[in-house]
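First up is the structure itself, then whatever we jot down about it.
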Amino acid sequence: MIAGKFISLEGVDGAGKSTHLGFIADRLRGQGREVVVTREPGGTPLGETLRELLLHREMDADTELLLMFAARQQHLAEVILPALARGAWVVSDRFTDASYAYQCGGRGIPAERIAVLETWVQRGFAPDLTLLFDVPPDIAEARRSAARTADRFEREADSFFSRVRNAYLDRARASPARIRVLDARQDIAALQVQISALLEGLC
Ligand code: TYD
């Protein structure tokens, strides 16, 4: 029986989602919950090895998609499902919505192919809440260029990130109860107020 809750954070590179991970974990821990903070691709020793390849090695788009789901399978089996089963809350920096946004929206892989892998690996499992940090492309681009050395995704053109953003927003429109869109142009304090309200709704 699943007792904990699973929260994923999403957004284009430069949306600032990672800034809010620590806040969410601290808030939930303050309520006495066990919290597991993790990320995709990655989250396990094998997944982190796959992440290195995914972020830095050139590869075919389908290979990229398959490796994302290979890492996800391991992540679910080794970390996410056991944590939820013991009642922990899991907060993941990205999950399957990123595959629809980047590999379908960005790279152009048909959504049906991703759906096949999603069914295979997740068997109906999905986050309880997804926070989508949304920013216009120019702001995300400015934040990306201020950051450290770009990886293979971060070097993509602005048009790639516009497609990724639109794919995320389409996903949010299709699942409005699960995927909550936050205007990430706001300052951190304003976002934290909204995030806190959404977390309360989940408790
Ligand atoms: P990201 O989460 O942005 O980490 P950092 O903040 O350290 O850059 O980097 C992960 C990258 O992986 C990001 O560019 C999006 C990409 N990604 C996909 O393309 N598909 C996926 O399914 C996932 C989980 C991530």
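Contact map, the stretch 94-111: residues that are on the phi > 0 side of the Ramachandran plot paired with residues that are within 8 Å of the ligand (Cβ to nearest atom), Cβ distance under 7 Å, separation 6+ or inter-chain. Pairs shown: R94/R39; R94/E40. Please work out which residue is farthest from the ligand (Cβ to nearest atom), limiting yourself to the stretch 88-106 and to residues that are open to solvent by 10 Å² or more (accessible area, probe 1.4 Å) and not in a helix (DSSP H, G or I). This residue is W89.
Of all residues in the stretch 29-47 being open to solvent by 60 Å² or more (accessible area, probe 1.4 Å) and under 15 Å from the mean Cα position of the chain (by Cα), which is nearest to the ligand (Cβ to nearest atom)? Reasoning before the result, please.
Pass one, the stretch 29-47, residues open to solvent by 60 Å² or more (accessible area, probe 1.4 Å): 29-34, 37, 39, 45-46.
Next, from what is left, pick out any that are under 15 Å from the mean Cα position of the chain (by Cα): 37, 39.
On the way: V37: 13, R39: 6 Å.
Result: R39.
Filter the stretch 1-28 down to residues that are farther than 17 Å from A189 by Cβ and over 12 Å from the mean Cα position of the chain (by Cα) and give me whichever is surrounded by the fewest Cβ atoms within 10 Å (Cβ to Cβ). Only one residue tops the list, namely M1.
Residues that are assigned to a loop (DSSP other than H, G, I, E, B) and not small (G, A, S) were ranked within the stretch 174-190; the one that is nearest to S99 (Cα to Cα) is R178. When the stretch 118-138 is filtered for residues that are open to solvent by 30 Å² or more (accessible area, probe 1.4 Å) and more than 11 Å from the ligand (Cβ to nearest atom), the ones remaining, listed by number, are T119, W120, R123, G124, F125, A126, D128, P137, D138.
Could we say that A85 is more than 11 Å from the ligand (Cβ to nearest atom) and either surrounded by fewer than 18 Cβ atoms within 10 Å (Cβ to Cβ) or in contact (Cβ under 8 Å) with a residue 40 or more places away in the chain (or both) here?
Numbers: more than 11 Å from the ligand (Cβ to nearest atom): yes; either surrounded by fewer than 18 Cβ atoms within 10 Å (Cβ to Cβ) or in contact (Cβ under 8 Å) with a residue 40 or more places away in the chain (or both): yes.
When the stated conditions are applied, A85 passes them.
As a summary of the residue check, A115 satisfies the conditions (1) surrounded by fewer than 19 Cβ atoms within 10 Å (Cβ to Cβ); (2) aliphatic (A, V, I, L, M); (3) over 18 Å from E40 (Cα atoms) except for the one numbered (3).
Condition check for R180 on (1) under 14 Å from E10 (Cβ atoms); (2) open to solvent by less than 80 Å² (accessible area, probe 1.4 Å); (3) in contact with a strand residue (DSSP E or B) (Cβ under 7 Å, 6 or more places away or on another chain): one failure, at (2).
Might you let me know whether the stretch 129-137 holds any residue that is in contact (Cβ under 8 Å) with a residue 24 or more places away in the chain, part of a helix (DSSP H, G or I) and not aromatic (F, W, Y)? Scanning the stretch 129-137 turns up at least one residue that is in contact (Cβ under 8 Å) with a residue 24 or more places away in the chain, part of a helix (DSSP H, G or I) and not aromatic (F, W, Y).
Looking across R144, R171, one residue alone is surrounded by 18 or more Cβ atoms within 10 Å (Cβ to Cβ), part of a helix (DSSP H, G or I) and at pLDDT below 95. It is R144.
Of I109, I114, which residue is over 21 Å from L21 (Cβ atoms), in contact with a Phe, Trp or Tyr (Cβ under 7 Å, 6 or more places away or on another chain) and either among the β-branched types (V, I, T) or assigned to a helix (DSSP H, G or I) (or both)?
Numbers: I109 fails: in contact with a Phe, Trp or Tyr (Cβ under 7 Å, 6 or more places away or on another chain).
Matching residue, one of I109, I114: I114.
Within the stretch 147-164, if we keep just the residues that are assigned to a helix (DSSP H, G or I) and open to solvent by 60 Å² or more (accessible area, probe 1.4 Å), the residue that is nearest to the ligand (Cβ to nearest atom) turns out to be R163.
Applying the selection to the stretch 31-60, what residues are part of a loop (DSSP other than H, G, I, E, B), under 17 Å from L76 (Cβ atoms) and not β-branched (V, I, T)? If you could, list the steps in order and put the result at the bottom.
Quick first cut of the stretch 31-60, residues part of a loop (DSSP other than H, G, I, E, B) only: 31-34, 40-44, 57-60.
If we keep only those that are under 17 Å from L76 (Cβ atoms) as well, we get 40-44.
Scanning the stretch 31-60 gives E40, P41, G42, G43.
Considering only residues in the stretch 56-67 that are within 10 Å of the ligand (Cβ to nearest atom) and either open to solvent by less than 20 Å² (accessible area, probe 1.4 Å) or of a type in the set (S, T, Y) (or both), the one that is nearest to G105 (Cα to Cα) turns out to be L65.
The values are calculated or read from the model by the stated rules, or taken from the named source; none is laboratory data. As the structure is a prediction and not an experimental result, all values here were calculated from the model. We place every Cβ from the backbone using ideal geometry, glycine too, and count neighbours over all the protein chains shown. The protein model used for the area step is the full one, side chains on, heavy atoms only, and it has no ligands, DNA or RNA in it. Shrake-Rupley method; radii C 1.70, N 1.55, O 1.52, S 1.80 Å.
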